[in-house]
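For reference, the structure discussed in these notes is given below.
The values are calculated or read from the model by the stated rules, or taken from the named source; none is laboratory data. These figures come from a predicted structure and were not determined experimentally. A quick note on method: Cβ atoms are made from the backbone with ideal geometry, for glycine too, and the neighbour counts reach across all protein chains shown. Accessible surface is based on the protein model in full, side chains and every heavy atom, while ligands, DNA and RNA are left aside. Shrake-Rupley method; radii C 1.70, N 1.55, O 1.52, S 1.80 Å.
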Amino acid sequence: MMDTYLDVVTGMGEVDKVLSECEAIGRQLSQTMNIWAHGAAASASSSSTKPGASGDTEVGMDLVAISEETIRNQVETSNNPAVREAFREYIRKQPAGVPDNITLKDYQMLGVNWLNLLYRRGTSCILADEMGTFSSSLFSLFGELGN
């Protein structure tokens with residue numbers, strides 16, 4: 001019985017280690033997403049044509065509507081290394097692997113950037129959505145990110 005107890009306690013310790021690692025990864029990703037959201041908020045406040053700037057009720061649709069001006073003024077001139085790192089490989093334009101007849105929406109670009117962020121950090125992920133909303137746009141993109 002003592003051996004079984006020790007096995008259970010050892011197993012619980014291993015689970016705690018894995019959970020701690022996952023929480024650390026989550027904190028890092030959350031920090032980057034918060035920086036992106038802050039940049040999007042700055043873009044939305046400087047342009048009333050951005051979704052969300054005129055009282056839109058679609059929450060989060062402007063998270064990646066970050067203007068080049070905002071990136072130049074707030075990211076490229078930032079002394080904060082976390083801000084510069086968050087935007088280091090940020091995909092600003094629709095990836096070339098997406099067919100010309102498809103234009104990704106802001107929330108889809110957020111998904112592309114999120115996938116790219118996790119890919120760069122060597123973290124596995126799954127992006128789930130309602131059928132046809134996002135997934136079909138990404139099939140050709142995976143090949144581009146993998147190259």
Residue list for segment 78-93, filter: within 18 Å of R120 (Cα to Cα) and open to solvent by less than 90 Å² (accessible area, probe 1.4 Å): A82, V83, E85, A86, F87, E89, Y90, I91
Every pair of residues 6+ apart whose Cβ atoms lie under 7 Å, when the first sits in segment 110-129 and is under 14 Å from E89 (Cβ atoms) while the second is open to solvent by less than 60 Å² (accessible area, probe 1.4 Å) and aromatic (F, W, Y): N113/Y90
Take A128 and tell me if it is at pLDDT 85 or above and open to solvent by 70 Å² or more (accessible area, probe 1.4 Å). no
Just to verify a result, which residue in segment 104-131, among those that are polar (S, T, N, Q) and not in a loop (DSSP other than H, G, I, E, B), is nearest to the chain's Cα centre (by Cα)? N113
Restricting to segment 1-14, count the residues that are open to solvent by 80 Å² or more (accessible area, probe 1.4 Å) and within 36 Å of the chain's Cα centre (by Cα). 3
R72 surrounded by fewer than 12 Cβ atoms within 10 Å (Cβ to Cβ), modelled with pLDDT under 85, part of a helix (DSSP H, G or I) and of a type in the set (D, E, K, R): yes
So, N101, is that one more than 30 Å from G122 (Cα to Cα), assigned to a loop (DSSP other than H, G, I, E, B) and modelled with pLDDT of 80 or more or not? yes
